[in-house]
Structure formats: structure tokens, C-alpha cells
1. Name every residue in the range 89-120 that is surrounded by 14 or more Cβ atoms within 10 Å (Cβ to Cβ), within 12 Å of E41 (Cα to Cα) and not basic (K, R), in order of residue number.
2. Do we find a residue being closer than 18 Å to S88 by Cβ, surrounded by 10 or more Cβ atoms within 10 Å (Cβ to Cβ) and free of Cβ contacts under 8 Å to residues at least 24 places away in the same chain anywhere in the range 36-51?
3. Give all pairs with beta carbons closer than 9 Å in which a residue from the range 66-83 that is surrounded by fewer than 17 Cβ atoms within 10 Å (Cβ to Cβ) meets a residue that is assigned to a loop (DSSP other than H, G, I, E, B); count only pairs at least 6 apart in sequence or on separate chains.
Amino acid sequence: MRTQSMLVGGLAILLGTAVATPIVAQEKKAEEKKAEKAKSEKVAGDIGLMDTEKNYMIVVNKDGKLVTVDYTTKTKVTELKASQAKMSDIGLGSKAAIEYVTKGDKNFLTKIEFTPAKGE
């Protein structure tokens, strides 16, 4: 009887370990994905260069620092007159506030809000 209860107890511990191990591994993977996800950075300034064929732009901040960012068709673009806009609506000299993430050695634009340059 005692041997049987020890056997049942041992099996219960083994079963508990077998169930818990995948859960711990899943939690580790979730934490690693969070760590991989880049934090958005923000910069505001003038659009100094924009290439809609190669999908990148350069923003010049108030200190004169140049920030180059790439963009895709999924990049959120908003003109500050509360309407949706396209990347081609942004002209040189427009005032812009952008958010971007760094992946490898490139900065990728995730969001841009802009005010058209005077005269546009």
C-alpha cells in the first residue's frame, strides 16, 4: 500500500513537471519577443530630403541633426489638418513630427504627422 502511494505521488510529480515545462518555455519566448520589439523614438523637424521611389526620407531637427528613416506602405501618415494623407503629400520644408524604430543599422518610419511647407 505504501509503495503504491509513493508510486502515485511520484507519477503526480512527474506529470506536474511535464505540464509546467512547456508553459515556462512559452513565457520565455514571449519575454524574448518583447525584448526584440524596438522602442519607438521621436524626432521633430523639417523634411530635408524625400525619395518616394526608394521609400526613405531625411528629417532635420532643430539642432541640425539629420535622421534618415525608411518607410513602407504600412506607415501611418497624417496631415495636421485632421485628414489622412500619403507620403507623396509631404513636400520639402514641411514641418514634421515622426516616430521610428531601429532595426539593425536602419531606422524605419512608423508614423509621421506634418504641416505642409508655406506656399503648398
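1. If the condition is that a residue be surrounded by 14 or more Cβ atoms within 10 Å (Cβ to Cβ), within 12 Å of E41 (Cα to Cα) and not basic (K, R), then A97, I98, E99, Y100, V101, N107, F108, L109, T110, I112 are the ones that fit.
2. Residues of the range 36-51 that are closer than 18 Å to S88 by Cβ, as a first pass: 46-51.
With the extra rule that they be surrounded by 10 or more Cβ atoms within 10 Å (Cβ to Cβ), the set shrinks to 46-51.
Those left that are additionally free of Cβ contacts under 8 Å to residues at least 24 places away in the same chain: 51.
Yes, some residue in the range 36-51 is closer than 18 Å to S88 by Cβ, surrounded by 10 or more Cβ atoms within 10 Å (Cβ to Cβ) and free of Cβ contacts under 8 Å to residues at least 24 places away in the same chain.
3. Correct list of pairs: D70/K54; D70/N55; T72/N55; T73/N55; T78/A85; L80/P116; K81/P116.
Read-outs throughout are calculated quantities, based only on the coordinates presented, and are distinct from any laboratory measurement. The model shown is predicted, which means the values in this text are computed figures rather than measured ones. Neighbour counts are summed over all protein chains in view; Cβ atoms, including those assigned to glycine, are modelled from backbone coordinates with ideal geometry.
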